[in-house]
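The values are calculated or read from the model by the stated rules, or taken from the named source; none is laboratory data. All values derive from a computational prediction rather than experimental measurement. Glycine also receives a Cβ, built like all others from the backbone with ideal geometry; neighbour counts cover every protein chain displayed. Remember, those area values only see protein heavy atoms, side chains included, never the ligands or the DNA or RNA. Shrake-Rupley method; radii C 1.70, N 1.55, O 1.52, S 1.80 Å.
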Amino acid sequence: MLTRVTGLLVAAMLCVASASAKDPVRTFDPSTLKGPAKGTPNEVLVLGTAHLSQLPATFQPSGVQLLNERLLAWKPQIIAVENRSGPQCAFMRQFPSRYKDTIESYCRWDPAPARAATGLDVPAATAEIDRLLASWPTTPSPSQRRHLAAVFLAGGEPVSGLVQWLRLPETERHAGDGLDATLVASLDRLRNRRSEETLIAAPLAAALGLERVVSMDDQTASAADLSDADQKAYSETISKAWNNPANAKRKQMEDLLYAQIGDADGVMALYRALNDPSKARLVFDSDFGAALNEGSPQQFGRGYVAYWETRNLRMASNIREAIGFVPGSRTLVIVGASHKWYLEHYLNQMHDVRIVSSDKLLR
């Protein structure tokens, strides 16, 4: 009798568990609990981009003019870019055994010349940036802008330094107030670099009257450097996983788009394609899904996907943190197109974030 009762209890519990699994009311989904009930919502538009430095030579900087006009009309109050922050690079430099290769690849800005010119290392410059912006005047003088540009450079935030440089009249773009000839030359080189940060984010921020951009990328998920043999095996394994029909289809589509990027219409066509929701699954199948299911004994693909997901989660947290300082704002996130779909879904889980589709803006 006891056995029968026990069996009935177990069966009843299983039925309740099954019903709970199917009952959406019992499922906690943060994305459905949006707030606040009153006030302006936080809106986030994630713009997937190609890395402009890697486009064919037919791409010209003037090709982003129409895109920039569309973004300017949306009037974001925060612009976040796929850069590593100065403090993150300073942190990683403290752990060369883990991040040596990562630093060489992703922390290429050297703050040493700006430290020599200003006397500020990255932590001191970061604190000075916060102090200056906390009491920043509505109409700062050219001298104040030059000084802030120098401090941004010392803090490892060159794109924000460029924003200050672009906000100066041409006649005021000269050495002084912490900027020496070396730093002025660096800012001029940045101004002419082909990248989404320098051709889209910084000019847009300057035109909108913003003082900086947010460096929201994160590379701290990189594992300790592998041995030469393991690194070779890892690279070969991931490359083999990427050799698949989905990737071939993706490359064919990109080649057709790249052949048309000689003018603004072609650039807009590229951005429409990169941000088309129908491409999300193709990106997964060609890259992360293929890596996830590769069959190496070391399971390299699973490690790669862990890095990818962790990086995206940390990007999302950096973006969310930046939004929290300006509640009721519009945020533009400019990020490599493969990140777009992950960031949209992760950010949509936040109670005080509403994702804005890029479709209308790019139409």
Q.
What do you get for the angle between helix 65-74 and the principal long axis of the chain? Use alpha-carbon atoms, 0 to 90 degrees, nearest ten.
A. 70
Q) To the nearest 0.05, how large is the calculated FRET efficiency for residue 220 and residue 40 if R₀ is 56 Å and r is the Cβ-Cβ distance? A) 0.95
Q | Accessible area in the full protein assembly, largest first, 1.4 Å probe, for 85, 143, 357 | A | 357, 143, 85
**Q.** Cβ crowding within 10 Å averaged over residues, with 255-261, 209-215, 307-313 ranked highest first
**A.** 209-215, 307-313, 255-261
Q.
Out of all DSSP beta bridges in the chain, what portion is antiparallel? Express it as a percent rounded to 5.
A. 5
(Q) Can you tell me the orientation of helix 181-191 relative to the chain, as the angle in degrees between its alpha-carbon axis and the longest Cα principal axis, to the nearest 10? (A) 50
**Q.** ³J(HN,Hα), Karplus 6.51/-1.76/1.60, whole Hz, each residue of the stretch 133-139, x for Gly, Pro
**A.** 6, 5, 10, 5, x, 5, 10
Q.
Between residue 101 and residue 133, what's the calculated FRET efficiency when r is the beta-carbon distance and R0 is 35 Å? Round to 0.05.
A. 0.55
Q) For residue 109, what accessible area in Å² do you get when you roll a 1.4 Å probe over the heavy atoms of the protein chains, rounding to the nearest 10? A) 60
(Q) So if each residue of separation counts as 0.36 nm, and I subtract the Cα-Cα distance between residue 252 and residue 62, what length gain in nm does that give? (A) 65.9 nm
Q. Among 34/249; 75/251; 38/75; 75/249; 249/340; 100/249, which pairs are too far apart, with a Cα-Cα distance over 29 Å?
A. 34/249; 75/251; 75/249; 100/249
Q) Where the accessible area of the stretch 289-340 is counted over protein heavy atoms with a 1.4 Å probe, how much of it, in %, is carbon and sulfur? A) 53
Q. Do you know the relative contact order of the stretch 258-324, to the nearest whole percent, from alpha carbon pairs under 8 angstrom that are 6+ apart?
A. 14
Q | Alpha-carbon Rg with Dmax, taken over the chain, Å | A | 23.8, 95
Q | Solvent-accessible area per residue, Å², over the chain with all protein chains present [probe radius 1.4 Å] | A | 52
Q. Quick one: ranking 345, 147 by accessible area, 1.4 Å probe, largest first, what do you get?
A. 345, 147
Q. With the chain treated as a Gaussian network of Cα nodes joined by springs under 10 Å, which of 88, 231, 144 yields the largest mean-square fluctuation?
A. 231
Q.
For residue 284, what accessible surface area do you get with a 1.4 Å probe? Give it in Å², rounded to 10.
A. 70
**Q.** Computed over the chain: relative contact order in percent, which uses C-alpha pairs under 8 Å that are six or more apart
**A.** 34
(Q) Test of understanding: in a Gaussian network model of the chain with alpha carbons linked when under 10 Å, which of 331, 32, 171 would top the mean-square fluctuation ranking? (A) 171
Q.
Keeping all protein chains in the complex and leaving out DNA, RNA and ligands, what accessible area do you get for residue 281 with a 1.4 Å probe, in Å² to the nearest 10?
A. 150
Q: Quick one: angle between helix 2-22 and the longest Cα principal axis of the chain, in degrees between 0 and 90, rounded to 10, please.
A: 30
Q | residue 53 paired with residue 91, simple spin-label distance in nm, labels 7 Å along Cα-to-beta-carbon | A | 2.2
Q: Arrange the residues 82, 69 by how much accessible surface each exposes, largest first, with a 1.4 angstrom probe.
A: 69, 82
**Q.** Which of 219, 209, 277, positive extreme of dipole for the stretch 195-302 (C-beta unit charges)
**A.** 277
Q. Using helices alone, what [θ] at 222 nm do you get for the chain, with -39,500 (n - 2.57) per DSSP H run of 4 or more residues, divided over all residues and rounded to the nearest 500?
A. -17000 deg cm²/dmol
